[in-house]
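Read the structure below first, then the notes.
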Amino acid sequence: MKAAPTPDIAYHERHPVGEVARPSWSANPGYVNDGHRTVYDETKDIPGWQMPADAHKLYEMAYFAGDVILDLGAFGGRSAVVELKGALGNPARTTRPQVYSLDVVRSCIHRSHESVKAFGLDAWVLLFLGGVETFFEAFDVSPSMVFIDADHVYEGVRKDMDVLSKVLAPGVPVLCHDYLNPENDTGEYGVRRAATEWEESGFVRYMGAFGCSGFFVTTDRCQGRVRGLSDDVFAVRRDACLVACGLAPSAPAPDGAWHVRVDNLERELASIQSSRSYRLARTIARLSRPVRRAVNRVAALTGGPRP
């Protein structure tokens, strides 16, 4: 997949600067289109917390980099709707956008599904019940942009960022919500602390403050490659996640379509088996077999328990 253009305008202040839609891409004159101007008003009634500048930045990110979008913290689907409006608003986009929206709370997945359906955008959204580590174990993708708005406790945010450091490509824009929330000062939130440490580690570069969010872009320390699923596989996996969350009934594939799904799943399995994490796990398992056999022999001779 061709890399999206990287944000090339940085702002150095670490505090809010009003609600003007300051651009992060030099190709953006301020608002990329009329939808960019109106997106906050159009989405403000969806459950969630966004300032106008948060919504404007998400829209801009998706307009330029909205091929494979990762949402950490679905809550009510507000960010997914804003992002898809931006991604679909770019007439030069040549790929069908994919949104992967994650949450560990089932009711948030259900509420988000209602929101994206109400806007007619559910076909582009895969809702996943679970955290980011579990997600990447199940999906061999690497996003072209990320919105972090999940766990707000320091340990949780830091863990999510550590996972992202291993899968993201260089030049990927990342928006961290609640980076400017005053609860960071009291210790109730740890978003700013985790983001600052992430920046200091060299995996991301600070690009500015917008609304309540801090904006970053990944550096060359990140070694991933942007990739999504094929459109067919995305649709199958999206529907499977809906079934798993109780949002769609489980039903056999229609006559004549079962072989298509089998082919798609076989391609997905081949993709998983070719991934670095899968090969590493197979190598570790192979190397550990002689050790397990030796332990079993000792256990058989001594009458001890086998592992």
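Rule-based calculations on the coordinates, nothing more; no lab input. This one's a predicted model, so the numbers in the text were calculated from it and none came from an experiment. Neighbour counts are summed over all protein chains in view; Cβ atoms, including those assigned to glycine, are modelled from backbone coordinates with ideal geometry.
So the values come out like this:
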read-out	value
Relative contact order, percent, segment 116-232 [alpha-carbon distance under 8 Å, six or more residues apart]	31
Under 14 Å, Cβ to Cβ, from E114 - net charge with Lys/Arg +1 and Asp/Glu -1	+1
Signed unit charges on C-beta, dipole axis of segment 34-218, positive-most listed residue L180, W49, P143	P143
Highest-first arrangement of 210-218, 97-105, where packing means the average Cβ count within 10 Å	210-218, 97-105
Phi to ³J(HN,Hα) by Karplus 6.51 cos²θ - 1.76 cosθ + 1.60 over segment 104-112, Hz, x for Gly, Pro	8, 10, 4, 5, 5, 4, 5, 5, 5
Burial ranking of peptide ranges 23-30, 11-18, 120-127 (average Cβ count within 10 Å, highest at the top)	120-127, 23-30, 11-18
5 Å binning of all Cα-Cα separations within segment 62-108, expressed as whole percents from 0 upward	6, 24, 30, 19, 12, 7, 3, 0
Per DSSP, loop trypsin sites (Lys or Arg not before Pro) in segment 19-79 with at most 14 further Cβ within 10 Å	K44
Length released on extending from N90 to E137, taking residue separation times 0.36 nm less the Cα-Cα span	13.8 nm
Fully extended contour minus Cα-Cα distance, from T219 to A240, at 0.36 nm per residue	4.1 nm
Distance (nanometres) between label positions extended 7 Å along Cα→Cβ at R227 and A118	3.7
Set of lysines near K85 by C-alpha distance (under 20 Å), chain-local residues within fewer than 8 positions excluded	K44, K57, K117
Orientation-averaged projected area, Cα convex hull of segment 34-218 (nm²)	9.7
